[in-house]
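A short worksheet on the structure shown next.
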Amino acid sequence: MSKIKIKKNLSDQDMLANWQEPASFETASHDEKTTVQTARGKGRESESFHGSFLTPQLQEKVGKALLDLKLALYKEGIVDYEIKVARQGHQVILTAAPKAAKPSPKSRP
């Protein structure tokens with residue numbers, strides 16, 4: 001076996017000069033766009049193409065309206081709800097509907 005020689009009197013910066021932390025779920029950036037290769041070899045971005053229909057200004061308006069709706073439902077005591085999407089002619093309608101209460105499991109004696 002060969003011996004590894006450790007250099008002495010190095011600064012922290014010199015010791016870590018060539019070291020790179022391996023990527024993991026904790027250190028990986030969430031902002032990176034990952035590409036998945038399909039069988040045809042085409043790349044598919046992680047974001048859906050449906051988002052390209054909305055401009056950033058329109059996304060902001062829809063987001064604010066949904067936040068206002070969420071706050072209004074909270075004031076009414078509705079916490080668990082789902083948003084249903086429907087299209088009628090040239091309109092897209094978002095409707096908030098309370099989720100049905102799940103039956104509680106019966107306890108065994």
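Close contacts from region 70-87, counting a first residue that is within 10 Å of Pro98 (Cβ to Cβ) and a second that is at pLDDT 90 or above and among the charged types (D, E, K, R), with Cβ to Cβ under 9 Å and a gap of 6+ residues or different chains, come to Tyr81/Lys70. Checking each residue in region 15-45 for being part of a loop (DSSP other than H, G, I, E, B) and modelled with pLDDT under 50 picks out Asp31, Lys33, Thr34, Thr38, Ala39, Arg40, Gly41, Lys42. For Asp12, the test of being at pLDDT 75 or above and either among the acidic types (Asp, Glu) or within 17 Å of the chain's Cα centre (by Cα) (or both) is passed.
The values are calculated or read from the model by the stated rules, or taken from the named source; none is laboratory data. On a predicted model such as this, the values are computed, not experimentally measured, just so you know. Methodologically, a virtual Cβ is constructed for each residue, glycine included, from the backbone with ideal geometry; neighbour enumeration extends over all protein chains shown.
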